[in-house]
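Here the structure is laid out as structure tokens; the discussion comes afterwards.
Each reported figure results from applying straightforward, stated rules to the coordinates on display, with no laboratory input. What you see is a predicted model, and the numbers here were worked out from it, not measured in a lab. Please note: Cβ atoms are built from the backbone with ideal geometry, for glycine as well, and neighbour counts cover all protein chains shown.
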Number of protein chains: 2
Amino acid sequence: MNYHGGDIYKYDKEIIDFSSNINPFGVPQSLKVSLMDNLEVFSRYPDISYKKVRDAIAKYLCIGDINHIVVGNGAVEIIYKVVSASNVNEIIIPCPTFSEYKRAAKVNNKPYKEIVAFREDGSLNLNSIYENITSNSLMVLCNPNNPTGTLLDPALITSLAQRLKEKESWLLVDESFIEFSQQYPLTSVVPKLIQHPNIIVIRAATKFFGIPGVRLGYGVVGDSRLAASVKEKMEPWSVNSLAELAGLQVFKDKQYIAKSRLWVEEERKYLFNQLKLIKGVAVVPSEANFLLLKSKKLTAFQIKENLLKKKILIRVPQGFTGLTKYHFRVAVKDREANQQLIKALKEVLM
Amino acid sequence: MNYHGGDIYKYDKEIIDFSSNINPFGVPQSLKVSLMDNLEVFSRYPDISYKKVRDAIAKYLCIGDINHIVVGNGAVEIIYKVVSASNVNEIIIPCPTFSEYKRAAKVNNKPYKEIVAFREDGSLNLNSIYENITSNSLMVLCNPNNPTGTLLDPALITSLAQRLKEKESWLLVDESFIEFSQQYPLTSVVPKLIQHPNIIVIRAATKFFGIPGVRLGYGVVGDSRLAASVKEKMEPWSVNSLAELAGLQVFKDKQYIAKSRLWVEEERKYLFNQLKLIKGVAVVPSEANFLLLKSKKLTAFQIKENLLKKKILIRVPQGFTGLTKYHFRVAVKDREANQQLIKALKEVLM
């Protein structure tokens, strides 16, 4: 599986990793403390119903009924299980986007259709979305979208859900990066699920909270019957005791949340503005903690090779519908790292 | 999902839990120390190929080629993915046994056949096994078997594999409890996979090493093509960084391994002999860290209710093919707990 970020394991340890999108504040102190105090939790099975974690998520998202909440081994497990549980004719995937939607369709032997729907400037081509709606299907929208960083308005998403509903179809909204958007929580469609129960929202605890190694994803399934089917598909105990512990800690860590949001806002703006000044590349406006760039002359692979000599690792997406060999993605990191990236990129491109 | 052990979460904290089979030594000290030193690993994705962990497993099992090794979120994830990847006509399940084999077949929409093959005394009825072999099928044998504790001889397993091979069928051997068997490692079929590549062995790091909350399962797939297909089915990063860290630590913790084996041998013998003296129950000889009992008069549910009043929780299997309402299972625990169980059970039954 070489189409993911995080292939840092192949490289030496001094490399600055811009290939995966990780909160530079690292593991929340609150989780570390809780972990030290609870090392014996690993000697027990997690609660197979994950009641307390789902309670904590319900509180974080202001949801009244925890029966709509599912937890899983990262957002990906929930993506796979929703694709498996939804008894649809096809999966519709607006591209370019996260590769796991397609893989989830393949692994589950579901037909899928990719639509190139995000334009070069990151904006969504709504016509192509609407034209491609079919009955009894599941459309997957990543919001903000990975790798373009595009944020879609909740009102736009709910009208789309309405149109899908008329065709007895579902809308899966992957909000794994939503806390990084400037106007969060106003940007989330979670509060819209009561009116639009054909929406399923997927979130990841681990991206925003700097703990991708922990693997805690969660979903809010508007439709009760679908929620039950998704749970039926889950493998037991797929969320381990560490992720369970994290679920009880991180959502209430208001300090971590606040400082992460301040950081991303400031550094994303800084990095975007600096990258815009570099002549050899175009950069797409983003509401996530990464930026998509398109080189004008060198291929992304050439840039990657040259940056590696300067101990910087970027992400060159391969085999993504809607991306060219000139596209690459960089994470937003702390100021010092961001400056090193800008300097190195200038040297490579100028 | 109420058919699993570990439903301790429903009860108060003073209860002694005999319902799930957990090594009483708890989390290995070596893992705790390593964890304290490596809290920042959670801020990175695990290595998506899990190379180092698979290297450690290869060393532990004396396997030359790590391409045959897969890791997963507990043994269950590997069971699910093997059932999904093996392109067979049916799954054959000798019963009574672990409920997840049947569930894996159901979730993957594979036809399955349950055979009552373990007798009341725990012995295997080989005739019924051989009679039920069909072509292009996957048979699942748990060894030692959960919940009977029956250990099958490697020679018997390899002849069965040979017969299955003649029908182009597979044999999945679940060795999740194998380290608890007295003659381990002689009891494992892992060294037989070179001669019998239609065998798949599944193991759990977490049962023997007292860390069921960590979720680290692994498998050895004799056939290279099947190994690749199983990997194709895996969801990315399903083993989190804690489980990854555990995989690098526990297999080399020779002290923990030695003391756990001494404990289980002594306490299993003690508990078995004491339970045999109780007139109201029959107890099945076991090579695992649990014992299956059959009550002669009270139902298992009645016994459970009465023991709960004495703050002891046992496991009453429900809906298991081949078990009656008189069957229940208890874990082997430390001496003090075992004595409390014996005392309480005597009071309830006499």
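Using amide H atoms built in the peptide plane, which far-off residues or other-chain residues are under 5 Å from residue A:173 H to H?
The answer is A:141, A:200, A:201, A:202.
Can you tell me, using C-alpha contacts under 8 Å and at least 6 residues apart, the relative contact order of region A:86-241 as a whole percent? Please list the in-between numbers first.
Values: 260 pairs, mean separation 27.5, N = 156.
Relative contact order, region A:86-241: 18 percent.
Please give the charge dipole size of region A:131-274, origin at the Cα centre, charges +1 on K and R Cβ atoms and -1 on D and E Cβ atoms. Round to the nearest 20 debye.
Numbers: 16 positive and 15 negative charges, 41 e Å.
Approximately 200 debye in magnitude.
Which of the pairs B:113/B:259; B:165/B:231; B:59/B:294; A:296/B:51 have their Cα atoms more than 29 Å apart in this structure?
As for pairs spanning more than 29 Å Cα to Cα, those are B:113/B:259; B:59/B:294; A:296/B:51.
For region A:29-252, build the charge dipole from Cβ charges (+1 Lys, Arg; -1 Asp, Glu) around the Cα centre, then report which of A:185, A:74, A:145 sits farthest towards its positive end.
The listed residue farthest towards the positive side: A:74.
Restricting to region B:29-252, compute how many DSSP beta bridges are antiparallel as a %, nearest 5.
Numbers: 10 of 27 bridges.
Once the DSSP bridges in region B:29-252 are tallied, antiparallel ones form about 35 percent.
Evaluate the charge dipole of the protein assembly as shown about its Cα centre and quote only its size in Debye, nearest 20, assuming +1 on the Cβ of each Lys and Arg and -1 on the Cβ of each Asp and Glu.
Numbers: 94 positive and 70 negative charges, 34 e Å.
The dipole of the protein assembly as shown has a size of about 160 debye.
What is the distance in Å between the Cα centroid of region B:19-92 and that of region A:146-165?
Value for the Cα centre distance between the two parts: 38 Å.
What do you get for Rg/Rh over region B:29-252 if you use C-alpha atoms and the Kirkwood form of Rh? Write out the running numbers ahead of the final one.
Working: Rg = 17.0 Å, Rh = 17.7 Å.
Expressed as Rg/Rh, it is 0.96.
Taking H as built 1.01 Å from N, whose amide H comes closer than 5 Å to the amide H of residue B:91, not counting residues under 5 places away?
Amide H to amide H, under 5 Å and 5 or more residues apart or across chains, residue B:91 pairs with B:112, B:113, B:138.
Rounded to the nearest 0.05, what FRET efficiency do residue B:36 and residue B:259 give with R0 = 25 Å and r taken as the Cβ-Cβ distance? Could you check? Kindly include the intermediate steps, with their values, before the conclusion.
Numbers: r = 22 Å, r/R0 = 0.86.
Working from the Cβ atoms, E equals 0.70.
List the GluC sites (Glu not before Pro) in region B:85-121 that DSSP assigns to loop (not H, G, I, E or B) and whose Cβ has at most 14 other Cβ atoms within 10 Å. Which are they?
B:120
Taking the Cα centre of region A:29-252 as the origin, how large is its charge dipole in debye, to the nearest 20, when only Lys and Arg (+1) and Asp and Glu (-1) carry charge on their Cβ atoms?
Roughly 280 debye for region A:29-252.
What relative contact order, as a whole-number percentage, does chain B give when Cα pairs under 8 Å and 6 or more residues apart are counted?
Relative contact order of chain B: 24 percent.
Mind listing the long-range amide H neighbours of residue B:16? Cut-off is under 5 Å, sequence gap 5 or more, other chains count too, H placed in the peptide plane at 1.01 Å from N.
Distant-sequence amide H within range of residue B:16: B:312, B:313.
Determine the principal axes of the Cα atoms in the protein assembly as shown, then give the extent along each, sorted from largest to smallest and rounded to whole angstroms.
Cα extents, longest axis first: 85, 52, 51 Å.
Using only the alpha-carbon atoms of region B:1-151, report the extent along each of the three principal axes, biggest first, to the nearest angstrom.
Sorted largest first, the three principal extents are 54, 45, 30 Å.
Using label points projected 7 Å from each Cα along Cα→Cβ, tell me how many nm separate residue A:297 and residue B:14, to one decimal.
The modelled label-to-label distance comes out at 7.9 nm.
Distance from a point 7 Å along Cα→Cβ of residue A:277 to each backbone N in region A:325-348: keep the residues under 12 Å and list them by number.
Residues A:339, A:342-343, A:346 fall inside that zone.
How shielded is A:17-27 by partner chains, expressed as the average number of their Cβ atoms within 10 Å of its Cβ atoms?
That average works out to 2.
What ranking do B:38-51, A:260-273 get when scored by the average of other Cβ atoms within 10 Å per residue, highest first?
B:38-51, A:260-273
Where does each of B:107, B:173, A:33 land when they are ranked from fewest to most other beta-carbon atoms within 10 angstrom?
By the 10 Å Cβ count, ascending: A:33, B:107, B:173.
Per DSSP helix of 4 or more residues, -39500 (n - 2.57); summed, then divided by the residues of chain A. What does that give at 222 nm, rounded to the nearest 500?
Mean residue ellipticity, 222 nm, calculated: -11000 deg cm²/dmol.
At 0.36 nm per residue, and after removing the present C-alpha to C-alpha distance, how many nm does the segment from residue A:120 to residue A:163 gain when stretched out fully?
Values: separation 43, 0.36 × 43 = 15.48 nm, distance 2.56 nm.
Working it through step by step, the gained length comes to 12.9 nm.
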